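What follows is a set of notes on a single structure, which appears directly below.
The values are calculated or read from the model by the stated rules, or taken from the named source; none is laboratory data. Treat the numbers as computed from the prediction; the structure is a model and nothing was measured. So basically every Cβ, Gly included, is an ideal-geometry build from the backbone, and we count neighbours across all protein chains shown.
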Amino acid sequence: MMKNNITTNPGIYIHVPYCQSKCNYCSFYSQPISGRAELEQYVDKMIEEIECWRIRVEGVPPRIFDTVYFGGGTPSILSPVSLQRILDKIHSSFNITEDAEITLEVNPWSISSKTGGENYLALIREMGFNRLSIGVQSFDDRTLSFLGRIHSAADAYRTIEAARAASFDNISLDLIYSIPYYRDGFDPMQAALSDIEEAIRIAPRHLSVYSLQIEPGTKMSRLTEMGLKPVSDELDREIHHNITSRLVEASFQHYEISSYALKSDDKDYRSRHNYKYWNMSEYLGIGDGASGFFSMERYTNPPLAERNPLAPEDFLSESIFLALRTSDGYRFTDEFTYENFQDIYQDQMPHFKSFVSSGHLILNKQYIKLSETGIDISNKIMALLV
Amino acid sequence: MSYLDNIRNFSIIAHIDHGKSTLADRLIEKTGLVDTRDMHEQFLDNMDIERERGITIKLQTTRLKYRAKDGQDYILNLIDTPGHVDFNYEVSRSLAACDGALLVVDATQGVEAQTLGNVYLAMDEELEILPVINKIDLDSARPDEVKSQIEEIIGLDANDAPLVSAKTGLGIDEMLERIVCDIPAPTGDVSAPLKALIFDSYYDSYKGVVIYTRIFDGALRKGDTIRLMNAGADYEVTEVGYCIPGMLPSEELRAGEVGYICAGIKQVKDARVGDTITLSNRQTGEPLRGYKQAQSMVYCGIFPAEGEKYENVKDALERLQVNDAAFNFEPENSQALGYGYRCGFLGLLHMDVITERLAREFDLDIITTLPSVIYKVEMNQGETLWIENPSNLPELQKIKAILEPIVKAEIMTPGEYVGTIMSLCQKRRGTMLDMKYLTETRVQLNYEIPLNEVIYDFFDVLKSRTKGYASLDYEFVRYQSAKLVKLDILLNHEVIDAFSIIVPEVEATYKGRAICSKLKEIIPRHQFEVPIQAAVSGKIIARETVSAYRKDVLAKCYGGDITRKKKLLEKQKAGKKRMRQFGQVNVPKEAFTEVLKLDDEK
């Protein structure tokens with residue numbers, strides 16, 4: 001019987017919004033690095049922030065954290081020393097479980113021989129990191145160049161090898177599909193399936209596979225304005241379904257819209273930290289622009305600064321639409337039954353029923369969840385809940 | 001010497017934007033009625049909408065005291081008039097209350113179509129007309145040219161016309177003197193039976209209907225019982241007085257004077273503009289000439305939007321009607337839109353004002369359908385039907401003839417736009433009556449055009465094709481038979497009666513295609529394919545399809561920033577509120593009016 005990796009304990013998210021260069025499609029908040037000193041100052045600031053949270057978290061209800069996730073930007077530009085400082089501060093400030101999932105997002109460029117980072121992974125493994133999320137995006141160098149990535153496919157292979165050599169078992173790869181027609185004869189479907197084949201061959205424990213979003217203000221969006229042809233909605237969905245079929249065939253579980261975990265008899269490779277976003281667990285967001293959910297309030301740190309307390313109805317609707325992202329969907333309980341759902345959403349019931357008829361949604365006394373086709377138009381269904 | 005000698009009753013007539021209201025402001029200022037500090041720009045325009053559009057719709061009257069150079073005090077009754085083609089009747093009645101008129105002409109624009117229109121109205125009332133040339137402060141002012149124009153085109157001697165700038169105040173003093181000299185004093189017999197004209201009325205929540213009146217003969221006091229001769233109703237007078245423009249009660253109103261009357265009247269339509277007031281127990285012989293029943297030219301359907309209460313709409317319409325005699329409405333039932341009203345207006349502007357007021361002042365969420373005219377339908381069986389709502393048009397085989405209202409349109413334009421205007425009129429099934437070169441640079445085109453070709457966007461297209469220089473005036477002439485058909489629109493195979501329109505048979509396919517095309521742009525994608533069809537007598541003549549949505553998914557929840565995702569979903573939900581559901585299809589409310597803004601090559 002597979003051990004369940006998913007919990008409702010709170011988690012910690014550390015944000016490192018610094019990058020060597022901006023990828024062409026990126027609309028996330030990130031800054032260029034001006035130097036080591038700046039990074040050190042940033043780490044200092046985060047240590048202080050953790051201290052503030054230590055005080056706030058103290059007391060009741062007692063919180064036992066079971067994930068720490070370093071995301072960005074490029075968290076792997078932080079030196080092992082900086083990472084150690086942060087981890088130490090976290091361990092001394094909070095109650096962290098023994099088997100906590102501690103993840104670092106890694107840009108293959110950080111590990112490439114150019115920066116001499118092969119030891120890096122061994123060092124961080126030692127300090128307690130037990131999961132890596134490697135930003136591969138594609139195994140095709142031409143595509144990587146088009147995306148504005150600063151690493152090559154070779155760098156990615158090197159990174160994966162180094163990770164395994166450093167005894168990382170829980171490795172996740174990020175991939176992007178629905179790449180626009182950036183060169184003659186480019187076939188987005190072919191390219192995607194080819195990357196997936198390669199990923200399967202490498203056999204990571206987890207894959208995060210994202211459809212490329214062309215966001216306003218990015219270089220990618222400017223290119224499309226100037227004539228770059230993007231992938232049609234229809235093709236994008238077809239690619240997604242083909243990817244899913246292939247991965248399911250290769251023993252991956254499609255457990256969230258963009259997430260696939262290798263099935264195993266004895267381990268659950270679903271991302272424990274990411275799941276917290278979908279099951280209303282708390283998570284502290286630390287660092288510039290980081291988002292968190294704490295004490296019934298969603299917040300985002302400056303410079304994006306926002307605070308949104310959740311009223312009970314918000315909590316309910318979010319619980320449901322976030323759970324809909326997962327293959328388990330939202331399960332009704334004694335506290336909130338299917339009848340309660342029908343009652344609260346009585347105006348929307350005809351619409352839900354219509355989505356059930358069309359095969360996009362499954363709704364019964366036990367749960368509400370999206371089918372594979374439902375994912376394609378999930379926003380339409382989720383909009384009924386807010 | 002009689003008190004009458006020191007009264008002057010006059011109006012200011014002008015083309016839109018020639019400065020009538022600014023001039024009125026100046027007069028009020030100069031005669032010391034309102035402090036300059038309190039000078040509320042364009043004082044006489046008192047509704048927000050009017051202010052926004054910079055046009056006068058509702059009338060107001062002002063009583064000014066002026067000490068002339070001869071040392072005497074004169075009462076100058078300035079009667080304001082609406083400035084839009086929709087309100088000709090109201091203009092003519094307020095002119096009938098006057099003895100003279102200032103004809104204001106913009107020194108940079110010259111004589112324009114509506115100037116002519118109003119001048120003829122003034123001449124019909126046998127008013128003494130004093131031309132005044134305004135905006136002489138501008139560099140492009142050509143007063144001498146304009147004087148010649150006035151003489152040539154209108155036949156008025158404009159040699160000594162006062163040259164003024166209402167904006168700067170230049171020449172206003174001289175103009176005031178000229179008003180005293182040139183505009184005649186009123187005549188009238190104060191001992192004769194009362195004969196007074198209603199030239200405007202409005203509803204005041206405290207006083208009931210307030211009538212603006214010009215007394216021609218006799219006198220009137222509080223307590224008198226008056227008879228409205230055309231309405232055939234009697235009322236007891238509760239108050240009389242002067243409008244300054246605030247209400248100043250007085251003992252009586254006498255022949256030659258302009259003022260107001262309150263008599264416990266409940267609705268403005270009971271005190272119709274143009275009616276004659278006399279005393280019940282001492283009636284005057286004949287009512288004044290020129291009275292006409294209100295006539296609506298343009299109709300549209302007004303329906304409560306989803307979530308809006310029918311009662312609220314009904315209530316608002318009733319309240320609007322209290323103060324707008326020209327606006328009428330009747331309950332109507334639409335298969336598509338439910339219960340609502342078919343409303344009649346003097347014209348498109350009137351319609352716009354009312355619908356905007358409903359949305360704004362009354363805060364109503366309404367759907368307005370396409371404006372339409374009244375068709376006269378002669379049936380095979382012999383009866384005649386008046387169809388205000390296109391979806392009520394009977395089956396074609398039962399109809400002997402369909403007649404549409406035709407108007408005579410008078411267009412004034414500089415010569416270089418004649419060609420484009422002619423092609424526009426031709427496209428709108430117009431027939432040229434004549435064309436006159438009034439001066440070297442000003443041409444007057446007279447066309448007969450079906451009203452339904454004029455009411456949508458004729459004016460806008462005319463303006464845009466002529467860079468704003470052309471002007472338009474029109475009036476109903478007759479009904480004329482035409483080969484017309486009803487064009488129906490089907491969404492998801494169901495006829496949506498709110499979209500039905502009556503079009504010339506030869507245009508049915510073109511319009512059908514254009515409407516389907518427009519709807520395809522407006523109607524959002526649904527879970528399923530939505531067919532859009534146009535049909536005449538059940539036969540499909542055009543078709544478009546809105547394909548089903550394929551993708552609407554957020555692949556990545558940016559590092560736990562759930563709020564961002566939620567906002568996206570909320571936006572989707574908000575979008576739905578702007579829609580109206582017909583069966584399975586969601587249609588944006590604007591679709592009803594947007595659909596007719598077909599992009600003809602403008």
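Summary of computed values
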{"read-out": "Residue match in segment A:249-262 (condition: surrounded by fewer than 21 Cβ atoms within 10 Å (Cβ to Cβ), within 9 Å of chain B (Cβ to nearest Cβ) and more than 30 Å from A:Pro309 (Cβ to Cβ))", "value": "no"}
{"read-out": "Inter-residue pairs, beta-carbon under 7 Å, first at pLDDT below 95 and among the acidic types (Asp, Glu) and in segment B:180-199, second part of a strand (DSSP E or B) and surrounded by fewer than 18 Cβ atoms within 10 Å (Cβ to Cβ), 6+ apart", "value": "B:Asp182/B:Glu128"}
{"read-out": "Condition check for A:Glu51: surrounded by fewer than 17 Cβ atoms within 10 Å (Cβ to Cβ) and either modelled with pLDDT of 95 or more or closer than 19 Å to A:Asn130 by Cβ (or both)", "value": "yes"}
{"read-out": "Contacts under 8 angstrom Cβ, first residue in segment A:6-23 being away from chain B (no Cβ under 12 Å) and farther than 28 Å from A:Pro62 by Cβ, partner of a type in the set (Ser, Thr, Tyr) and outside any strand (DSSP E or B), 6 or more apart", "value": "A:Tyr18/A:Ser30; A:Tyr18/A:Tyr42; A:Tyr18/A:Thr74; A:Cys19/A:Ser30; A:Cys19/A:Thr74; A:Gln20/A:Thr74; A:Lys22/A:Ser30"}
{"read-out": "Close pairs (6 angstrom Cβ cut-off, 6 or more residues apart or separate chains): of a type in the set (Asp, Glu) in segment A:140-164, not in a helix (DSSP H, G or I) anywhere", "value": "A:Asp141/A:Ser152; A:Asp155/A:Ser112"}
{"read-out": "Extreme residue, farthest from A:Gly72 (Cα to Cα), among residues of segment A:138-159 that are crowded, with 21+ Cβ neighbours inside 10 Å and in contact with a helix residue (DSSP H, G or I) (Cβ under 6 Å, 6 or more places away or on another chain)", "value": "A:Phe139"}
{"read-out": "Pair list, Cβ under 7 Å, 6 or more apart: segment B:492-518 residue farther than 25 Å from B:Gly340 by Cβ and polar (S, T, N, Q), other residue modelled with pLDDT of 90 or more and assigned to a strand (DSSP E or B)", "value": "B:Thr509/B:Ile541; B:Thr509/B:Ala542; B:Ser517/B:Glu544"}
{"read-out": "Selected residue [among the aromatic types (Phe, Trp, Tyr), within 13 Å of chain B (Cβ to nearest Cβ) and surrounded by fewer than 20 Cβ atoms within 10 Å (Cβ to Cβ)] from A:Phe352, A:Phe321, A:Phe336, A:Phe332", "value": "A:Phe352"}
{"read-out": "Residues (at pLDDT 95 or above and assigned to a helix (DSSP H, G or I)) located in segment A:134-155", "value": "A:Asp141, A:Arg142, A:Thr143, A:Leu144, A:Ser145, A:Phe146, A:Leu147, A:Ala153"}
{"read-out": "Residue identified as acidic (Asp, Glu) and closer than 26 Å to B:Tyr66 by Cα among B:Glu257, B:Glu236", "value": "B:Glu257"}
{"read-out": "Scope segment B:219-257; condition of a type in the set (Ser, Thr, Tyr), surrounded by fewer than 16 Cβ atoms within 10 Å (Cβ to Cβ) and part of a strand (DSSP E or B); matching residues", "value": "B:Thr225"}
{"read-out": "Residue among A:Glu306, A:Glu297 that is of a type in the set (D, E, K, R) and more than 10 Å from every other protein chain (Cβ to nearest Cβ)", "value": "A:Glu297"}
{"read-out": "Conditions (1) touching a helix residue (DSSP H, G or I) at 6+ places or on another chain (Cβ under 6 Å); (2) more than 13 Å from chain B (Cβ to nearest Cβ): number failed by A:Leu284", "value": "(2)"}
{"read-out": "Check on A:Tyr277, of a type in the set (Ser, Thr, Tyr), surrounded by fewer than 20 Cβ atoms within 10 Å (Cβ to Cβ) and within 14 Å of chain B (Cβ to nearest Cβ)", "value": "no"}
{"read-out": "Qualifying position, being surrounded by 20 or more Cβ atoms within 10 Å (Cβ to Cβ), in a helix (DSSP H, G or I), more than 8 Å from every other protein chain (Cβ to nearest Cβ) and in contact (Cβ under 8 Å) with a residue 24 or more places away in the chain, among A:Ile368, A:Ile381", "value": "A:Ile381"}
{"read-out": "Answer residue from segment A:240-287, given it is acidic (Asp, Glu) and out of contact with any Lys or Arg (no Cβ under 8 Å at 6 or more places or on another chain) and is farthest from A:Lys45 (Cα to Cα) among those", "value": "A:Glu249"}
